[in-house]
Amino acid sequence: MWRAFRTGGVCDLRPRRGGGAGPESPGSPGSGDEPVEGGPRWPAARTVRAQAVAELLLNPPPPERGRVGALRLAGARVSGSLMLAGGTVVPYVQFDDCRFDEELVMPECSAGSMRFVRCLIPRLEAARLQVAGDLHLPQCVIPGGIRLSDANIGSDLLINQLTVRDERARRAVAADGLTVGQDVEAELMDVTGELSLRSARIGGRLSLRGAALRNPRGAFALNAARISVEHTLYLSAAVRPADRAGAGGRGATAGAAARSRDFVCDGALRLDDGRFGNAIVVHRARLTPHDQQQVSLRRVQAQELCFTPQQPPTGRVVLTGARLGGLVDNPRSWPPGRLSLTGLTYDTISARADFPLAERLAWLRAATPEYAPEAYERLAAALRTGGEDADAREVLFAKQRRRRESLPLAGRMWGWLQDVTVGYGYRPGRAAVWMAVLWALGAVYFTLHGTPHPADDGYRPHWSPALYALDLLLPVIDLGQDNAWRMAGAAQWVTSAMTLLGWVLATTAAAGASRLLRRGS
């Protein structure tokens, strides 16, 4: 190992297919095809002491001339606890297909880049770890959990196909306050316990495609409150090869079938107060909170939320106070009767499947148990931004009907009258229809009634039943008929009723028109 370090070469202890241990070239048959978890105990010939590894990393020998020193160890059993706490590791470090007997202890350690590929590590303690380059843990198995609280990764954190279990406490991955300069790739990861990323700062994207997060005991499967992601959060499906070449996972075997795996969150999901520079993508995801748990996105900020899971979440979805540039969904996105949209704002709304307006209004009503005018106004504004003016007016019409339910009796009666007559101003044609009907009825009545007495005995104008009925219905315009004749008996009551109905129609029409002008419909 020390000789390989000085040349920057690989100390490969993986067995050949024919048996025995010895140097293997990358990709050679038999290298790395053993499971790192389970199986018989590895022989002494493949064992290196953790103390020797620590001495090599913390006090490295000078490299050979023209070479760069690096620790590249493959297929080794590391006995004892590797203690690097508080130390400074200058050389490049990579472990492939290794087994660690005890936990890896690196709190407050400083390093360049570190890679652990397909390793078995009982537990990783790395709070406040400082890595200038990358930290890679792909396909590793860590049964005792990971602690990366307040760690700082200068470039990428790669933990694809990582398996983590929770044997000590409920938090399998404790990465609160983690800072990553670029991307966090956690695709096809398998976590049993809580994945905690509270107040984490990620300079690129956070990809949890195909990850399976399960916490049967605790409150959260994913707890990422106050997280900041400069690009996109992916909670969606991933495609993985059905079979891989042996050591190093150096690509899929020829003709290997590929299959996809949905993102799974079995437990509560929390993104409260998160900030996302681009989007939150929840697509082909299975969200199954337990009992009274929630999918909570309170006060998140993102340019877009694409919420199209495989099926509606089993728990409540909360978007209270969220601020979104765009909302993308479909009719099957939301759990019936378990959605909260209070204070949600968005500029545009669209659906990946047919989402009729009637269903959209039912969705909005179910999400606002108490009347909230801003929810209807926000939806109408988003529809209008998308060029759907007719649908926007329908939403505002539904808002007025919903408002009527919260009014006292007199207000409800006045609202009902506006609804029937002019549709709160969003059905202006209704006023014209009512006016035409009343005009026709009035004209017929006054025709059958006969010619009335003139109001002025010295002046006898021409009697026109149609003009007289129209003059009664128009409260502002004077056609010269209303004041020219004197009605008596039942005709006087009909005249008064038509005048009153004319004023009611005119008032409701004016109220509706002013509402339309105020809302810019």
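Considering 323, 316, 338, the condition of being closer than 20 Å to residue 383 by Cα, touching a strand residue (DSSP E or B) at 6+ places or on another chain (Cβ under 9 Å), open to solvent by 50 Å² or more (accessible area, probe 1.4 Å) and basic (Lys, Arg) is satisfied by 323 alone.
Scanning segment 265-279 for residues that are surrounded by fewer than 19 Cβ atoms within 10 Å (Cβ to Cβ) and more than 19 Å from residue 345 (Cβ to Cβ) turns up just one, 266.
Here residue 281 meets each of (1) part of a strand (DSSP E or B); (2) more than 12 Å from the chain's Cα centre (by Cα) with one exception, condition (2). Residues that are over 18 Å from residue 327 (Cβ atoms), of a type in the set (Phe, Trp, Tyr), touching a residue at least 40 places away in the same chain (Cβ under 8 Å) and in contact with a Ser or Thr (Cβ under 7 Å, 6 or more places away or on another chain) do not occur anywhere in segment 367-381.
Can we say residue 238 is at pLDDT below 95, surrounded by fewer than 19 Cβ atoms within 10 Å (Cβ to Cβ) and in contact with a Lys or Arg (Cβ under 7 Å, 6 or more places away or on another chain)? Working first, answer last.
Numbers: at pLDDT below 95: yes; surrounded by fewer than 19 Cβ atoms within 10 Å (Cβ to Cβ): no; in contact with a Lys or Arg (Cβ under 7 Å, 6 or more places away or on another chain): yes.
Answer is no for this residue.
Of all the residues in segment 165-203, those that are open to solvent by 10 Å² or more (accessible area, probe 1.4 Å) and in a loop (DSSP other than H, G, I, E, B) number 17.
Condition check ((1) part of a loop (DSSP other than H, G, I, E, B); (2) under 21 Å from the mean Cα position of the chain (by Cα); (3) aliphatic (A, V, I, L, M)) across all residues:
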| residue | (1), (2), (3) |
| --- | --- |
| 347 | no, yes, no |
| 359 | no, yes, no |
| 366 | no, yes, yes |
| 387 | yes, no, no |
| 391 | no, no, no |
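Picking from residues in segment 63-110 that are part of a strand (DSSP E or B) and either on the phi > 0 side of the Ramachandran plot or small (Gly, Ala, Ser) (or both), the one that is surrounded by the fewest Cβ atoms within 10 Å (Cβ to Cβ) is 110. Could you tell me whether segment 299-308 includes any residue that is in contact (Cβ under 8 Å) with a residue 12 or more places away in the chain, touching a Ser or Thr at 6+ places or on another chain (Cβ under 8 Å) and open to solvent by less than 10 Å² (accessible area, probe 1.4 Å)? Yes: one or more hits.
The residues of segment 468-494 that are open to solvent by 20 Å² or more (accessible area, probe 1.4 Å), closer than 14 Å to residue 445 by Cβ, part of a helix (DSSP H, G or I) and in contact (Cβ under 8 Å) with a residue 12 or more places away in the chain, listed by number, are 470, 494. Evaluation of residue 500 against the conditions (1) at pLDDT 80 or above; (2) farther than 24 Å from residue 414 by Cβ shows that the sole unmet condition is (2). Taking the listed residues 388, 405, the one that is acidic (Asp, Glu), touching a Lys or Arg at 6+ places or on another chain (Cβ under 9 Å) and open to solvent by 60 Å² or more (accessible area, probe 1.4 Å) is 405, with no other qualifying. Count of segment 280-289 residues, restricted to those that are touching a residue at least 40 places away in the same chain (Cβ under 8 Å) and surrounded by fewer than 21 Cβ atoms within 10 Å (Cβ to Cβ), is 2. Of all residues in segment 214-233, how many are open to solvent by less than 10 Å² (accessible area, probe 1.4 Å) and within 16 Å of the chain's Cα centre (by Cα)? Looking only at that region, the number is 9.
Condition check ((1) modelled with pLDDT of 90 or more; (2) in a loop (DSSP other than H, G, I, E, B)) across all residues:
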{"site": "29", "(1), (2)": "no, yes"}
{"site": "33", "(1), (2)": "no, yes"}
{"site": "39", "(1), (2)": "no, yes"}
{"site": "48", "(1), (2)": "yes, no"}
{"site": "61", "(1), (2)": "yes, yes"}
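Among the residues of segment 73-104, just one is without any contact (Cβ under 8 Å) to a residue 24 or more places away in the chain and not aliphatic (A, V, I, L, M), namely 86. Evaluating residue 460 against the criteria (1) over 30 Å from residue 384 (Cα atoms); (2) in contact with a helix residue (DSSP H, G or I) (Cβ under 7 Å, 6 or more places away or on another chain); (3) modelled with pLDDT under 75 leaves one unmet condition, (2).
Sort out which residues of segment 111-135 are under 16 Å from residue 81 (Cα atoms), touching a Pro at 6+ places or on another chain (Cβ under 7 Å) and part of a strand (DSSP E or B), and write them in order of number.
125
Of the residues making up segment 306-343, those that are assigned to a loop (DSSP other than H, G, I, E, B) and of a type in the set (D, E, K, R) are 332, 338.
The values are calculated or read from the model by the stated rules, or taken from the named source; none is laboratory data. Fair warning: this is a prediction, and the values are worked out from it, not measured in the lab. Cβ atoms come from the backbone with ideal geometry, glycine included; neighbour counts cover every protein chain shown. Accessible surface areas use protein heavy atoms only, side chains included; no ligands, DNA or RNA. Shrake-Rupley method; radii C 1.70, N 1.55, O 1.52, S 1.80 Å.
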